[in-house]
Amino acid sequence: MFSALNVITGKPSGANPIIGTQLGRLLRDAGLTGIDTFGLQRYLSVDDPDGALLPSSIVKSLAPVIVAAGIATEEELALDTLEARLAADLQTHRAVGLTATIAGAWGRKRSGA
């Protein structure tokens with residue numbers, strides 16, 4: 001869900017929400033060699049207080065864009081109870097949450113470049 005929201009809400013601002021997945025190609029296209037990439041992602045266990053806080057905060061901050069894009073109405077989002085509902089669902093389903101991926105890449109200039 002949040003990947004789709006990132007794409008939908010990030011594009012109008014000019015942000016590239018999937019640039020981390022493209023770092024290796026971008027460095028290669030820039031002429032670098034010996035390229036390595038990595039991604040780090042935090043897992044939120046069912047009892048982690050951030051498990052409901054993080055996604056509910058993201059939805060709250062993106063609510064105007066979500067509503068304007070017709071993805072959901074304010075009533076459907078019910079922001080005043082969103083965090084509590086997410087926490088209850090996480091507990092009920094023993095779900096593990098994932099945070100955004102931190103991506104990195106590096107490479108070397110070609111000899112003589």
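Here's how it looks for THR99: its modeled amide H is under 5 Å from those of ARG42, LEU44, which are all 5 or more places away or on a different chain. Computed across segment 19-107, the Kirkwood hydrodynamic radius from all distinct Cα-Cα pairs reaches 15.5 Å.
Residues in segment 33-43 carry Karplus couplings, in order, of 10, x, 7, 10, 10, 8, x, 10, 9, 8, 9 Hz; the curve used is 6.51 cos²θ - 1.76 cosθ + 1.60 with θ = phi - 60°, and Gly or Pro positions show x. Length gained on full extension, ALA87 to ARG110, computed as 0.36 nm times the residue gap minus the Cα-Cα distance: 3.2 nm. I want to make sure I understand the PRE zone here: with the label point 7 angstrom from the Cα of SER45 toward its beta carbon, which residues in segment 70-107 have backbone N atoms less than 17 Å away? Hits in segment 70-107 for SER45 at 17 Å: 90-99. Could you compute the net charge surrounding THR33? Neighbours are other residues with a C-beta less than 14 Å from the C-beta of THR33; K and R count +1, D and E count -1. Within the 14 Å Cβ shell, the charges total +3. Based on C-alpha pairs under 8 angstrom that are at least 6 apart in sequence, the chain has a relative contact order of 43 percent. Candidates ILE66, ALA87, ILE102 compared by Cα position along the dipole of the chain: farthest toward the positive end lies ILE102, with charges placed on Cβ.
Dipole magnitude for the chain: computed about the Cα centre from +1 point charges on Lys and Arg Cβ and -1 point charges on Asp and Glu Cβ, it is near 940 debye.
Bear in mind these aren't lab numbers, they're just calculated from the coordinates by the rules spelled out. Everything quoted here is computed from the prediction, not taken from an experiment. All Cβ positions, even for glycine, are placed from backbone atoms using ideal geometry, and neighbour counts span all protein chains on display.
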